[in-house]
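Engineer: First the structure, then my questions, so here it is.
The numbers here are math on the coordinates, done by the rules we state, and not lab data. Remember, it's a predicted structure, so these values are computed and weren't measured experimentally. Here the Cβ positions follow ideal geometry from the backbone for every residue, glycine too, while neighbour counts run over all protein chains shown.
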Amino acid sequence: MSLVLSDYASDASRSRGRRHAEAPSPGRDEFQRDRDRVVHSTAFRRLVYKTQVFLNHEGDLFRTRLTHSLEVAQLGRSMARRLALNEDLVEAIALAHDLGHAPFGHAGQDALNECMRGQGGFEHNLQSLRTVDLLEQRYPDFDGLNLCFETREGILKHCSHRDAVALEAVEPDGPARRFLEGRQPSLESQLTDLADEIAYNAHDIDDGVRAGLLTLEQLHEVPLVRRYLEAATRDHPSLAGQKSRRLLFEALRRLLSAQVLDVTETTAENLAAWSVHRSSDVRAGPKVVAFSIDMRHESTTLKKFLHRLLYRHSQVVQTTEAAKEVVRQLFTAYRTDPRLMPSDYADRADTQRAVADYIAGMTDRYALREHHRLTGCAAFDHVAVRRSDRSGPEQ
Ligand code: MG
């Protein structure tokens, strides 16, 4: 590794290791190797056809899980470099953090969770871990990607107490232990979590405006966004009132830069104030990687705005309900006749979990094709597509 890491960064040479011992890889450290494994996985390629907020078929320019994950990796690496943290670990976690998302975004997760009630439920963070631990099957000697503990810990960024107890029973002192002990993950894991929030807040504004569901006037309600819209207008008065998207892009660029700077400055202050010297020092305390109090407040206000006006927008909810119905009907069909699934799922003894794993692995469009094949219905015919596919000259 060419960059100098701080003493509190995670060090690949001191990793807690992999569940299955492997010889080192020449020319790469263990976190770089994890990043490479994620990029080459099947689940990673599927992210390109999985919904972030807008369904994949609604337009070519909306974020998908793949482009979202790349934006999280970019923001995460940028902040990690400024703090002399381990960029490769951040990148590995960022690229893997959404691998467990079901098709159709949170709608797919919610529907699967309903279907799996009484069977342990369905939750995407757990499913991301399950994907890298079990469901990827590409190595001769083990299931999964056999990632390092530190990468797996970052992937499991949220976990209920009930799920943590269940995971701990299967893997004592594994990545779920910290949820039982109330301890923090590595700085790189904390940082990737925040990079995720920064990324989706900004790109959901962009996608919401692109879809015609949010307007610049509405965005002026949010102090954090208004500040950068006004600053961008002040510095570039010719952009005001134009149809060009440049004003919004300029405001979002400033918003991202301000949040990255806020996190790095606040974190540097916390590291000094809380005498963090080694990576192990971060485990017991409060979260070290954080927004300032003001930025935390403003970011939360922005999130609430997006919930109210975008995620719960009637047009988004309409597609959400249609997507849930697709997942529910797929689940019923496969559970009733597991032979409708490929044999490696159909042959499993835990039928319901096998169905959930199979559906969770689907892309949006594969789920729709399967749904059409099994039910003869075209699920989204009654849902208006907001914008035609504008993949040409539009920015
Ligand atoms: Mg994410």
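Engineer: Quick one: plug the Kirkwood hydrodynamic radius of the chain (C-alpha pairs) into Stokes-Einstein at 25 °C, 0.890 mPa s, and report D in µm²/s.
Structural biologist: 110
Engineer: Per the Kirkwood formula on distinct C-alpha pairs, the Rh of region 48-155 is how many angstrom?
Structural biologist: About 15.0 Å for region 48-155.
Engineer: Filter the DSSP H helices in the chain by two things, a Kyte-Doolittle mean of at least 0.0 and an axial alpha-carbon span of 24 angstrom or more, and list the hits by number.
Structural biologist: Both cut-offs are met by 246-273.
Engineer: Also: Of the chain, which part is the longest with no GluC sites (Glu not before Pro) in a loop (DSSP not H, G, I, E, B) and with at most 16 other C-beta atoms within 10 angstrom?
Structural biologist: My reading of the result: 23-220 is the longest stretch.
Engineer: Another question about this same structure. I want to check a number: in the chain, how many lysine pairs have alpha carbons closer than 22 Å, given a sequence separation of 8 or more or different chains?
Structural biologist: The number of close lysine pairs in the chain is 7.
Engineer: Below 8 Å between Cα atoms, with a sequence gap of 6+, how large is the relative contact order for region 313-368 in percent?
Structural biologist: 30
Engineer: Counting pairs of alpha carbon atoms under 8 Å apart in space and at least six apart in sequence, what relative contact order in percent does region 67-205 give?
Structural biologist: 27
Engineer: For region 238-381, what is the relative contact order in percent, using Cα pairs closer than 8 Å and at least 6 residues apart in sequence?
Structural biologist: Computed value for region 238-381: 15 percent relative contact order.
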